[in-house]
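To start, the structure itself, in structure tokens.
The values are calculated or read from the model by the stated rules, or taken from the named source; none is laboratory data. Fair warning: this is a prediction, and the values are worked out from it, not measured in the lab. When we count neighbours, we look across all protein chains shown, and the Cβ atoms used for this are built from the backbone with ideal geometry, even at glycine.
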Amino acid sequence: MDAYLSIVIPIYNEEENITALWERLSKVLAEHFADPAKPWEIIFTDDGSRDRSLPMLMDIARAEPRVKVVEFNRNYGQHSAIFGAFAEVTGRMVVTLDADLQNPPEEIPKLVAKVEEGYDVVGGWRQGRQENDSFFRTMPSKIVNAITRKTTGVKLHDYGCMLRAYSREVVDAMLLCKERSSFIPALANSFAKRVTEVPVAHAERAAGESKYGLWKLINLQFDLLTSFSLLPLQMLSVFGVVTAGVGFLLFLGLVIYRFMHPEGTAQGVFTLFAILFFFVGCQFVAFGLLGEYIGRIYQEVRDRPRYMVKKVHQAK
């Protein structure tokens, strides 16, 4: 029988958190989702963990037939791991959750209630955000939120929270999208009619280290920019027009200055060099953006699989 609720959890080197996660998640499901008419399932994706995460997940799956473990042959990243679990869900609604316990499992009923009201996508809005409030964590998150609001046209406060709920129709639509670079919260909004968010608690990471370093956050920015918007290319065109206009006015100014002060023409050489270096730098930024688009086009035309499943573990 198909499930009513599917919970999707990507796992990568989380052996220190799995026991606590399972205990708290089991308690939430027993208290709020005990109705036999609304069965639940949990799909863990082991994203190429190198610690004891996979054996621990398999032990859980052997003891609980409603738990399924999707084993990847190597690490592909969080969003690919979620897609791998999406391919296995049977529930009418799907909740995604991180394994680090920063987003408490106890908040799941809030999101489910909103989907039951008829919303297609329900996002978690983290309250009292932790993560040590470091600049390199909070600032990229603010940039992601601002860019996503601009590109999707959906004004949510927190696109970085992975505690989210989706209707099955939205999940099925996302599975039809085969592009390799996907930012799931933005992709889901492109298929949703009704989108909302609910405040959720946020805690410090229970154990282990964050898997999102500065470089991964930068890659996420490029995924978001190049996968969902032509804005960078359009801004380059606008910048080119403005630069051409400024250059023409500067040329006229220099010609006039030369005729009015012929002995002083050499005094502005260093200013011209500064202007030249500025525009050369802008050109390299433009080349980099164009290269991002071309590189991602190259990845797409090769049509390689987004991930490879080694085995799906489930008790019979």
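Across the stretch 172-187, the qualifying residues are those that are over 20 Å from Arg92 (Cα atoms) and in a loop (DSSP other than H, G, I, E, B), and the one among them that is nearest to the chain's Cα centre (by Cα) is Phe183. Return only the number of the condition from (1) crowded, with 24+ Cβ neighbours inside 10 Å; (2) at pLDDT below 95 that Asn103 does not satisfy. Every condition holds for Asn103 apart from (1).
Only a single criterion out of (1) surrounded by fewer than 21 Cβ atoms within 10 Å (Cβ to Cβ); (2) at negative phi; (3) in contact with a strand residue (DSSP E or B) (Cβ under 6 Å, 6 or more places away or on another chain) is not satisfied by Arg62, namely (3).
The number of residues in the stretch 19-61 being touching a Lys or Arg at 6+ places or on another chain (Cβ under 8 Å) and more than 16 Å from Lys311 (Cβ to Cβ) comes to 4. Of the listed requirements (1) at pLDDT 65 or above; (2) over 30 Å from Ala99 (Cβ atoms); (3) not small (Gly, Ala, Ser), Gln267 misses just one: (1).
When Trp215 is tested against (1) at pLDDT below 65; (2) surrounded by 15 or more Cβ atoms within 10 Å (Cβ to Cβ), exactly one condition is not met: (2).
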